[in-house]
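What follows is a single structure, written as structure tokens, with notes after it.
The values are calculated or read from the model by the stated rules, or taken from the named source; none is laboratory data. Quantities reported herein were computed from a predicted structural model and do not represent experimental measurements. Here Cβ is always computed from backbone atoms with ideal geometry, including for glycine, and neighbour counts include all displayed protein chains.
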């Protein structure tokens with residue numbers, strides 16, 4: 001057990017921290033993106049490249065974020081201030097994380113809210129016996145209704161706020177210990193069902209048959225990009241979660257377990273989804289179209305399909321919720337640590353503000369679908385690009401740059417060592433942060449800017 005810290009709070013156990021941090025990393029992208037890009041980019045060959053990218057880029061940056069947070073024992077802004085002083089430009093990296101997580105929560109809640117709606121629809125048997133056109137129409141009706149989209153967005157924000165109100169122990173850790181095991185159990189149930197379907201072999205081949213001929217420069221960029229974005233780095237979440245760790249925590253071991261959990265969930269999601277998709281004679285896809293259109297079509301024709309649909313959308317809701325609570329906690333921790341606010345006041349304010357800022361994104365699918373304030377993009381697309389193409393990768397790049405080149409070497413080395421006794425760890429980690437990680441993230445930024453198209 002970890003020691004208590006009455007002034008701020010710490011995780012009660014390493015298990016609780018692992019589940020919370022893995023929950024932050026495990027989100028909608030694990031379900032609707034990774035399995036598809038794996039199948040499209042060479043299956044097992046892509047998985048191998050992805051794992052290499054995770055080890056060389058994602059894992060070192062995540063460890064750096066945990067290290068910064070644990071050393072500072074404060075929010076993302078306060079941790080950099082504790083290291084370099086409040087007037088240091090490095091404090092802006094913390095501010096960037098706060099901004100990124102807040103904006104991300106505002107539009108993430110819109111799409112995540114749809115999963116809540118589909119839990120209700122599946123429970124009522126709405127998809128049973130429906131034709132593909134009818135199921136597509138159900139989705140179109142949802143997103144074209146401003147009232148429905150805003151209602152489910154608000155409900156998702158309320159659920160997120162309710163958890164974060166409880167603090168680290170009574171809220172985030174407590175509910176992560178419920179959400180994550182249930183998510184894993186539901187995923188295993190769907191995985192078993194997928195393996196028993198006629199499309200099991202086709203699904204396995206789609207995801208795992210190594211096809212090195214399908215690996216292209218774009219495939220490698222996809223693997224690199226997903227290895228970065230899947231671990232919830234660049235948004236201040238891992239700095240914030242790391243700040244609730246005790247000083248003797250084995251960061252390498254914890255980070256490795258979180259990374260493994262995230263990858264296992266993504267692989268299991270593909271093995272749960274694609275066998276039944278192939279068995280139904282449908283083409284695999286990605287994004288909202290896969291989970292809100294293709295999946296309901298598949299389950300509508302299966303025995304116990306309504307029950308399986310409920311299981312799937314509860315799983316999707318839990319994955320979304322476990323990520324959103326970490327996004328909210330970043331801004332809440334800032335107000336609590338830096339401004340001295342009470343948790344209740346901070347959580348309610350940030351939750352309400354995220355809802356209001358997210359309204360233009362909610363309206364982007366209906367009333368404001370023709371409103372394109374910049375670069376011919378809707379508000380939803382604009383916020384998405386701002387966060388995924390700029391704030392997150394630039395934040396990750398600067399964290400790698402700081403930990404690799406600017407943090408005092410002896411202080412950093414002592415902070416990482418803890419009680420692990422791994423003498424090889426620091427030089428390897430430091431080398432990756434100095435050269436491999438920043439160059440790789442710079443490639444991601446340039447790719448997002450369209451330089452390699």
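Structure values in brief
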quantity	calculated
Sole residue being modelled with pLDDT of 95 or more, part of a helix (DSSP H, G or I) and touching a strand residue (DSSP E or B) at 6+ places or on another chain (Cβ under 8 Å), chosen from 382, 335, 349, 359	382
Tabulated pairs, the range 102-128, first touching a residue at least 12 places away in the same chain (Cβ under 8 Å) and on the phi > 0 side of the Ramachandran plot, second part of a helix (DSSP H, G or I) and buried (at least 24 other Cβ atoms within 10 Å of the Cβ), C-beta under 9 angstrom, 6+ apart or interchain	125/309
Some residue of the range 154-169 being within 19 Å of residue 304 (Cα to Cα) and either in contact (Cβ under 8 Å) with a residue 60 or more places away in the chain or buried (at least 22 other Cβ atoms within 10 Å of the Cβ) (or both)	no
Complete set of residues in the range 257-279 that are surrounded by fewer than 20 Cβ atoms within 10 Å (Cβ to Cβ), more than 15 Å from residue 29 (Cβ to Cβ) and in contact (Cβ under 8 Å) with a residue 24 or more places away in the chain	257, 279
Within the range 88-116, tally of residues that are over 18 Å from the mean Cα position of the chain (by Cα) and surrounded by 24 or more Cβ atoms within 10 Å (Cβ to Cβ)	2
Single condition residue 412 does not satisfy, out of (1) touching a helix residue (DSSP H, G or I) at 6+ places or on another chain (Cβ under 6 Å); (2) surrounded by 18 or more Cβ atoms within 10 Å (Cβ to Cβ)	(1)
Pair list, Cβ under 9 Å, 6 or more apart: the range 62-79 residue at positive phi, other residue assigned to a helix (DSSP H, G or I) and crowded, with 24+ Cβ neighbours inside 10 Å	73/79
Those residues of the range 420-450 which are in contact (Cβ under 8 Å) with a residue 60 or more places away in the chain and assigned to a helix (DSSP H, G or I), in sequence order	425, 429, 432, 433, 436, 437, 440, 441, 443, 444, 447, 448
Which listed residue is modelled with pLDDT of 90 or more and farther than 30 Å from residue 214 by Cβ, from 26, 18, 54	18
Criterion: under 16 Å from residue 57 (Cβ atoms), crowded, with 20+ Cβ neighbours inside 10 Å and out of contact with any strand residue (DSSP E or B) (no Cβ under 8 Å at 6 or more places or on another chain) - qualifying residue of 399, 443, 428, 436	399
Hey, residue 317 within 14 Å of the chain's Cα centre (by Cα), at pLDDT 95 or above and surrounded by fewer than 24 Cβ atoms within 10 Å (Cβ to Cβ) or not	yes
Residue in the range 125-145 that is under 30 Å from residue 369 (Cα atoms), within 19 Å of the chain's Cα centre (by Cα) and assigned to a helix (DSSP H, G or I) present	no
Failed item, numbered, when residue 305 is tested on (1) surrounded by fewer than 24 Cβ atoms within 10 Å (Cβ to Cβ); (2) farther than 30 Å from residue 128 by Cβ; (3) in contact (Cβ under 8 Å) with a residue 12 or more places away in the chain	(2)
Residue that is farther than 22 Å from residue 417 by Cα and in contact (Cβ under 8 Å) with a residue 40 or more places away in the chain, where the choices are 196, 245, 221, 254	221
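To keep it simple, each residue is scored yes or no on (1) more than 30 Å from residue 276 (Cα to Cα); (2) buried (at least 21 other Cβ atoms within 10 Å of the Cβ); (3) in contact with a strand residue (DSSP E or B) (Cβ under 6 Å, 6 or more places away or on another chain).
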position: 151; (1), (2), (3): yes, no, no
position: 173; (1), (2), (3): yes, yes, no
position: 191; (1), (2), (3): no, no, no
position: 195; (1), (2), (3): no, no, no
position: 198; (1), (2), (3): no, no, no
position: 202; (1), (2), (3): no, no, no
